[in-house]
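Participant: Take this structure, written in structure tokens, and hold onto it; I'll ask about it next.
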Amino acid sequence: MLLHTKLSPHLQKLVDTNSAMKKQFIPSQLEFNQKEACDSFVDPLLEEDHTVCRGMVHKYPNRVLVLLTLNCAAYCRFCTRRRKVSDVSKGIITDVDITNMEKYLISHSEINEIVFSGGDPLTVPTILKKVLKRFCRLPQIKVIRVGTRLHLSNPKAVDDKVLDALRIVKKQPLYLMVHFEHPAEINTDTIEAIKRLQSVATMLLSQSVSLKGVNDSVPILEELFTRLVQIGVKPYYFFRCDLVRGTEHFMVDFKKERKIFTALRSHLSGLATPLYVIDAPDGNGKIPVPLDYWDFSEKYYRDFKGKKIAVK
């Protein structure tokens, strides 16, 4: 269970002045009010089942997920990995772990893309630099992705050490996946951090999560996605909140969520519109959600393997 609170001065100011920011980062009693019969998950994407060696998850055929650390600059209360993120006892990966991951990549030539995620990989730039030096020299690796929220959690930490680590990626395109949930996150300090990241990346794309009481309205999301495009960030994914134990209070009614996104698609340009998806439980794909332009069942969908799943 994610219990820790960690706030930089920048984030503390936002939390103190904006209720949507407070809900994202300050623990709530709602996290602990779960009913015994609640059908939610500890590890909904089955990452533990697909962990091939410490720090590496191989779930999709051609790409792997790498977790360099379980720590972040701040802890989002809706985190999918709340089962272990902030667990200081498990720390960060070691040189032995890096060697094991490299051996796994070499023995699986079908893997051509690496996704670094969190804990936030930009909080350990020395280790990130070491890993990128070794993995980027493998001829099979064609794409590098790095996920972060450091631009918001602690913008000043997007420093020369972070940029130097990311500059290691030269032969492959470097895509930075930056999380944004609310327009209040786009401010002078954050924009400056984004500009620094843009100086070393091929492209910045945003990922956002649908959160009750935070961004479950058309005006908020329209402002968020519009402003992201204006600072050079492409809205990429808009996720239905994963049904993770302790985050149930963030779940938006599915019908309401679809109506919101249908309205957004009518208002926004294609450039400003992310793909609205459900990350299927049991780890079988990010499934696009149809909007109100089509008649369909709101009760079920099928994942990448054809499994029928009830919408929660």
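Participant: Provide the per-residue ³J(HN,Hα) series for the stretch 299-312, in order, calculated from phi with Karplus coefficients 6.51, -1.76, 1.60 and θ = phi - 60°, each as a whole number of Hz, with x at glycine and proline positions.
Facilitator: These are the phi-based 3J(HN,Hα) values: 8, 9, 8, 10, 8, 4, 9, x, 6, 7, 10, 6, 6, 8 Hz.
Participant: Whole-Hz ³J(HN,Hα) for each residue in the stretch 61-74, computed from phi via Karplus 6.51 cos²θ - 1.76 cosθ + 1.60 with θ = phi - 60°, x for glycine and proline: what do you get?
Facilitator: Per residue, the Karplus-derived 3J(HN,Hα) values read x, 9, 9, 10, 9, 10, 10, 6, 8, 9, 9, 10, 6, 7 Hz.
Participant: Under a cut-off of 15 Å between alpha-carbon atoms, report the aspartates and glutamates in cross-link reach of residue 59, not counting same-chain residues fewer than 8 places apart.
Facilitator: Cross-link targets: 43, 47, 48, 49, 110, 113, 279, 282, 303.
Participant: Name the long-range amide H neighbours of residue 203: under 5 Å, sequence gap of 5 or more, or other chain; modelled H, no Pro or chain starts.
Facilitator: The list, which skips near neighbours in sequence, is 174, 176.
Participant: What relative contact order, as a whole-number percentage, does the chain give when Cα pairs under 8 Å and 6 or more residues apart are counted?
Facilitator: Values: 565 pairs, mean separation 53.4, N = 312.
The normalised contact order for the chain reaches 17 percent.
Participant: Return the subset of 130/171; 133/170; 22/256; 23/299 for which the Cα-Cα distance in this structure is over 18 Å, preserving the input order.
Facilitator: Over 18 Å apart, Cα to Cα: 22/256; 23/299.
Each value in this text was obtained by applying a stated rule to the coordinates, not by laboratory testing. Computed from a predicted structure; not experimentally measured.
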